[in-house]
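Engineer: Pasting a structure below so you can have a look.
We did not get these values from a lab; they are worked out from the coordinates using the rules stated. For clarity, every value in this text was computed on a predicted model and none was experimentally measured. Every residue, glycine as well, gets a Cβ built from its backbone with ideal geometry; the counts of neighbours run over all protein chains shown.
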2 protein chains.
Amino acid sequence: MKIEVIENVLKYNKNHADKNRILFKENNILVLNILSSPGAGKTSLIIETIKRLKNKKRIGVIEGDISSTYDAEKIKKFTPDVIQINTGGTCHLNASMIAEAINKLKLKNLDIIIIENVGNLICPVGYDLGENYKILLSSVNEGDDKPVKYPPAFIKSNLILLNKMDLIEFSDFDESFFERKVSELNPDSKIIKISCKTGTGLDKWIDWVIAAAGFTGFKGTQ
Amino acid sequence: MKIEVIENVLKYNKNHADKNRILFKENNILVLNILSSPGAGKTSLIIETIKRLKNKKRIGVIEGDISSTYDAEKIKKFTPDVIQINTGGTCHLNASMIAEAINKLKLKNLDIIIIENVGNLICPVGYDLGENYKILLSSVNEGDDKPVKYPPAFIKSNLILLNKMDLIEFSDFDESFFERKVSELNPDSKIIKISCKTGTGLDKWIDWVIAAAGFTGFKGTQ
């Protein structure tokens, strides 16, 4: 009975995700779904990305939180196209929440939508939102064992960003252990090491975004 | 229908939690349920606690993870009384998982049980395990906005430990903002600032544990 309920929830989600995907494709929008633990730096990553692509690409943001508009207010200083979703306690976004949010965005004006999922390494992994890519943002301070402890998040993500590299000298983080464990779980995954604070590696991330956007039939600069 | 399922799940959980609570009380065991984000330092906290109470109190540990025995193996070096629960993907421990785990522990020998919940600031909050206290371990690197972003975890916890204080000089963490937000949500809560790496504040934490143990009809040293 419990399993049946979960199956129905996931089937319902898949239907909405497929509809979102069609809408994103029709509007030539690249959609990135950012997953991470609380405090790994999702909001900072989004702000740095908007800053670096300003005057080139118009970026909309969908902010997921269990409550508050704290992050949306921060991001609003950098782009007017922000929608906050409050899940009311639910530990992940789902595709019908995204469907509602994109009704409020002017899709014709946007090149990229970045979805900041609820801070959680478990629940968001199973929910397809209709995105092109899942990006997992891990941070040095969480430790090098996160792939071992939370395998599904690493298996399902298309790209791993390792943030807070500016703090690596003060930690016991073993880069080669982390890389080996990620590669065992997901041999196709790529890791980009970044620091949203110092800017380290963000050029590589921006190159990745630009290349990814190319594959979705990008609108080009406005 | 969905709400009814959730209500039944919580009622079922409460029954098991009450049974666990009786068993813990009969055996004069202090039970601490540690909640945190992934990588905030739960396992390090448990190891440091065992080290400091060695030869005084016998501590059993219940390790919760979605998969792997990685943390249990680390802790096994410091106490033989460790049980690993793998939730198989579920984002929190529940009281019936704990009931099964305590069957495998020799309760008569133990003074304290520390439960390391699954790394997650959302799901574990609603599940009573039969513990005496919920301890929320937050870390400096997650940022000072965690009370704003994850209010229920802060509201429901009896004690907040702020870990990784050794890294505060390299972060933008505003201690007074954090303290104010915690106190707005939970006026009765206490914050102890610690570093499991340098030992800062751990004496205060150990004093808290000893005092808490006193109230449960502690067995005393063995």
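Engineer: Output the number of the condition that residue A:119 fails; it satisfies all remaining conditions of (1) within 25 Å of residue A:150 (Cα to Cα); (2) surrounded by fewer than 20 Cβ atoms within 10 Å (Cβ to Cβ).
Structural biologist: So the condition that residue A:119 fails would be (2).
Engineer: Of all residues in segment B:22-42, how many are surrounded by fewer than 24 Cβ atoms within 10 Å (Cβ to Cβ) and assigned to a helix (DSSP H, G or I)?
Structural biologist: Residues that pass the stated criteria total 5.
Engineer: Grab the helices (runs of 4 or more DSSP H) fully contained in segment A:121-186, keeping just those with 1 or more residues being of a type in the set (Phe, Trp, Tyr). Write out each step before concluding.
Structural biologist: Numbers: elements: A:146-149, A:151-156, A:175-185.
The qualifying helices (runs of 4 or more DSSP H) are A:151-156, A:175-185.
Engineer: Could I ask something else about it? Taking into account only those residues within segment A:63-101 that are crowded, with 18+ Cβ neighbours inside 10 Å and of a type in the set (D, E, K, R), which is farthest from residue A:123 (Cα to Cα)?
Structural biologist: Looking at residues that are crowded, with 18+ Cβ neighbours inside 10 Å and of a type in the set (D, E, K, R), I get A:81.
Engineer: If you don't mind, another one. Name the pairs whose Cβ atoms lie under 7 Å apart, with the first residue in segment B:193-206 and touching a residue at least 24 places away in the same chain (Cβ under 8 Å) and on the phi > 0 side of the Ramachandran plot, the second in a helix (DSSP H, G or I) and buried (at least 19 other Cβ atoms within 10 Å of the Cβ), and 6 or more positions between them or separate chains?
Structural biologist: Partner pairs satisfying both residue conditions: B:201/B:165.
Engineer: Here is a follow-up. Is it true that residue A:158 is touching a strand residue (DSSP E or B) at 6+ places or on another chain (Cβ under 7 Å) and either more than 12 Å from chain B (Cβ to nearest Cβ) or under 14 Å from residue B:167 (Cβ atoms) (or both)?
Structural biologist: Working: touching a strand residue (DSSP E or B) at 6+ places or on another chain (Cβ under 7 Å): yes; either more than 12 Å from chain B (Cβ to nearest Cβ) or under 14 Å from residue B:167 (Cβ atoms) (or both): yes.
So residue A:158 fits the description; yes.
Engineer: State all residues of segment B:62-99 that are in contact (Cβ under 8 Å) with a residue 12 or more places away in the chain and either on the phi > 0 side of the Ramachandran plot or acidic (Asp, Glu) (or both); if no residue qualifies, say none.
Structural biologist: Scanning segment B:62-99 gives B:63, B:65, B:68, B:71, B:81, B:88, B:89.
Engineer: Additional query: If I ask for residues that are more than 12 Å from chain A (Cβ to nearest Cβ), out of contact with any Lys or Arg (no Cβ under 7 Å at 6 or more places or on another chain) and surrounded by 15 or more Cβ atoms within 10 Å (Cβ to Cβ), which ones from segment B:184-194 would you list?
Structural biologist: Of segment B:184-194, the ones more than 12 Å from chain A (Cβ to nearest Cβ) are B:184, B:186-194.
Going one step further and asking which of them are out of contact with any Lys or Arg (no Cβ under 7 Å at 6 or more places or on another chain), we end up with B:184, B:186-191, B:193-194.
Residues satisfying the conditions are B:186, B:189, B:191, B:193, B:194.
Engineer: Related question: Only one of these is within 17 Å of residue A:114 (Cα to Cα) and touching a helix residue (DSSP H, G or I) at 6+ places or on another chain (Cβ under 8 Å): A:10, A:30. Name it. Don't jump to the end; show me each part of the working.
Structural biologist: Numbers: A:10 fails: within 17 Å of residue A:114 (Cα to Cα).
Being within 17 Å of residue A:114 (Cα to Cα) and touching a helix residue (DSSP H, G or I) at 6+ places or on another chain (Cβ under 8 Å) holds for just one of A:10, A:30, which is A:30.
Engineer: Still on this model: Got at least one residue in segment A:50-61 being within 13 Å of another protein chain (Cβ to nearest Cβ) and within 19 Å of residue A:133 (Cα to Cα)?
Structural biologist: Among the residues of segment A:50-61, not one is within 13 Å of another protein chain (Cβ to nearest Cβ) and within 19 Å of residue A:133 (Cα to Cα), which makes the answer no.
Engineer: Residue B:48 - would you say it is within 18 Å of the chain's Cα centre (by Cα), part of a helix (DSSP H, G or I) and of a type in the set (Asp, Glu)?
Structural biologist: Considered against the rule, which asks whether it is within 18 Å of the chain's Cα centre (by Cα), part of a helix (DSSP H, G or I) and of a type in the set (Asp, Glu), residue B:48 comes out as yes.
Engineer: For segment B:48-92, give me each residue that is of a type in the set (A, V, I, L, M, F, W, C) and touching a Lys or Arg at 6+ places or on another chain (Cβ under 7 Å).
Structural biologist: Passing the criteria: B:78, B:82, B:83.
Engineer: Does residue A:15 satisfy the criteria of being out of contact with any strand residue (DSSP E or B) (no Cβ under 9 Å at 6 or more places or on another chain), in a helix (DSSP H, G or I) and either within 19 Å of residue A:157 (Cα to Cα) or within 14 Å of chain B (Cβ to nearest Cβ) (or both)? Full working, then the answer.
Structural biologist: On the way: out of contact with any strand residue (DSSP E or B) (no Cβ under 9 Å at 6 or more places or on another chain): yes; in a helix (DSSP H, G or I): yes; either within 19 Å of residue A:157 (Cα to Cα) or within 14 Å of chain B (Cβ to nearest Cβ) (or both): no.
Taking the combined requirement at face value, the residue does not satisfy it.
Engineer: Quick check on segment A:161-174: of everything there that is surrounded by fewer than 24 Cβ atoms within 10 Å (Cβ to Cβ) and in contact with a Lys or Arg (Cβ under 8 Å, 6 or more places away or on another chain), which residue is farthest from the other protein chains (Cβ to nearest Cβ)? Let's see the steps before the verdict.
Structural biologist: Taking segment A:161-174 as the starting set, the residues that turn out to be surrounded by fewer than 24 Cβ atoms within 10 Å (Cβ to Cβ) are A:165-174.
Filter again for in contact with a Lys or Arg (Cβ under 8 Å, 6 or more places away or on another chain), leaving A:165-166.
Working: A:165: 12, A:166: 8 Å.
Per the criteria, the residue is A:165.
Engineer: May I ask you to verify whether residue B:127 is within 11 Å of another protein chain (Cβ to nearest Cβ), out of contact with any strand residue (DSSP E or B) (no Cβ under 8 Å at 6 or more places or on another chain) and among the hydroxyl-bearing types (Ser, Thr, Tyr)? Before the answer, list the steps.
Structural biologist: Values: within 11 Å of another protein chain (Cβ to nearest Cβ): no; out of contact with any strand residue (DSSP E or B) (no Cβ under 8 Å at 6 or more places or on another chain): yes; among the hydroxyl-bearing types (Ser, Thr, Tyr): yes.
Criteria not met by residue B:127.
Engineer: Do you know which of the residues in segment B:139-153 that are more than 7 Å from chain A (Cβ to nearest Cβ) and of a type in the set (A, V, I, L, M) is nearest to the chain's Cα centre (by Cα)?
Structural biologist: Checked segment B:139-153; the qualifying residue nearest to the chain's Cα centre (by Cα) is B:153.
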